1. How far apart, in nm, are two points set 7 Å out from the Cα along the Cα-to-Cβ line at residue 101 and at residue 255?
2. Contour minus end-to-end for residue 69 and residue 165, with contour as 0.36 nm per residue of separation and end-to-end as the Cα-Cα distance?
3. Which GluC sites (Glu not before Pro) in the range 82-140 pass both tests, a DSSP loop state and at most 14 other beta-carbon atoms within 10 Å?
4. With every protein chain kept in place and ligands, DNA and RNA left out, what is the accessible area per residue of the range 99-151? Probe 1.4 Å, answer in Å².
5. Take residue 49 and residue 35, extend 7 Å from each Cα along the Cα→Cβ direction, and tell me the distance between the two endpoints in nm.
6. Could you pull out the trypsin sites (Lys or Arg not before Pro) across the range 84-158 that fall in loop regions by DSSP (anything but H, G, I, E, B) with no more than 10 other Cβ atoms inside 10 Å?
7. With a ≥ b ≥ c taken as the square roots of the eigenvalues of the C-alpha gyration tensor of the range 6-157, please select rounded if a/c is under 1.5 and otherwise prolate if a/b is larger than b/c or oblate if it is not?
8. Taking Cα pairs under 8 Å and at least six residues apart, what relative contact order does the range 6-87 come out at, in percent?
Amino acid sequence: MKQYGHSYDAKGSLLDVVVTSAFQRPIVECNRSCSCTPLCRNRVVQKGIRFRLQVFRTRRKGFALRTLDAVPKNAFVCEYAGEVLTVAEAGRRVNAQTAADANYVLAVREHVGGESVTTTYVDPARVGNVGRFLNHSCCPNLVMMPVRVNTAVPRLALFAACSIRAGDELCYDYAGVRSQGSADEDAARGEGHGGDCQGASWTMGQGGDCHGAASVRQQEFISESAFGDRERLKPCYCGATCCQKYLPFDAFLFDV
């Protein structure tokens, strides 16, 4: 931990410096190589879910996930767990899908140093957890962070981007972007997820069958990634004021 330092406070919440820095430093938890005890504050994601979560069915978005407990800002909520795939297998699975199929394959690109990019492909369709039921939102109340515990392969951890009320649906941005101010605006109108969400994030890509709201950078992500394949885009039903009407779309795997 001398190289990276602690990423959490005494209550197990992400430190603000980790969330808001221009270039997110690696989150590396204490592991079997450390001499600390299981009570070490730098062991959070590896301990699993601590809030009560519930899968439920929505009118237009299929299944979704909500919290039954109030969740404080920066607290760990759950992982997006699944099979870790090679780029070839990820491409094969995406291209084998029909327009009616849900796509859960998530590509997380980590920019390391100058031009180096490390990409992790995760698919929870066959083996996964409750994270597969998370819908997209352009005004999300969760943010995804790669967290490393015992291996170089990251665990895709979702943290509260704002204070979340009990009963609220949990959503994250498939494009890896958090909009600024939109959650407060929707909360004032009795819509969205509430809280004090703000800030910015990084790069993800998912075809997705889930829905939500969007930001300006997300619209750029759609435009740059779809390469004219607008017929592949799926409508977004988040209902937030910042909704971009379509789910984020990454065309890369369709060309593998």
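The values are calculated or read from the model by the stated rules, or taken from the named source; none is laboratory data. Keep in mind the model is a prediction, meaning the values are calculated, not measured. Note that we place each Cβ from the backbone using ideal geometry, even for glycine, and neighbour counts take in every protein chain shown. We work out accessible area using only protein heavy atoms, side chains counted, and drop any ligands, DNA or RNA first. Shrake-Rupley method; radii C 1.70, N 1.55, O 1.52, S 1.80 Å.
1. My value for the distance between the label points is 2.1 nm.
2. Result: 33.9 nm gained on full extension.
3. Sites meeting the loop and neighbour criteria: 115.
4. Per-residue value: 39 Å².
5. Simple spin-label model gives 3.7 nm for this pair.
6. Qualifying residues, ordered by number: 126.
7. Oblate.
8. Result for the range 6-87 is 29 percent.
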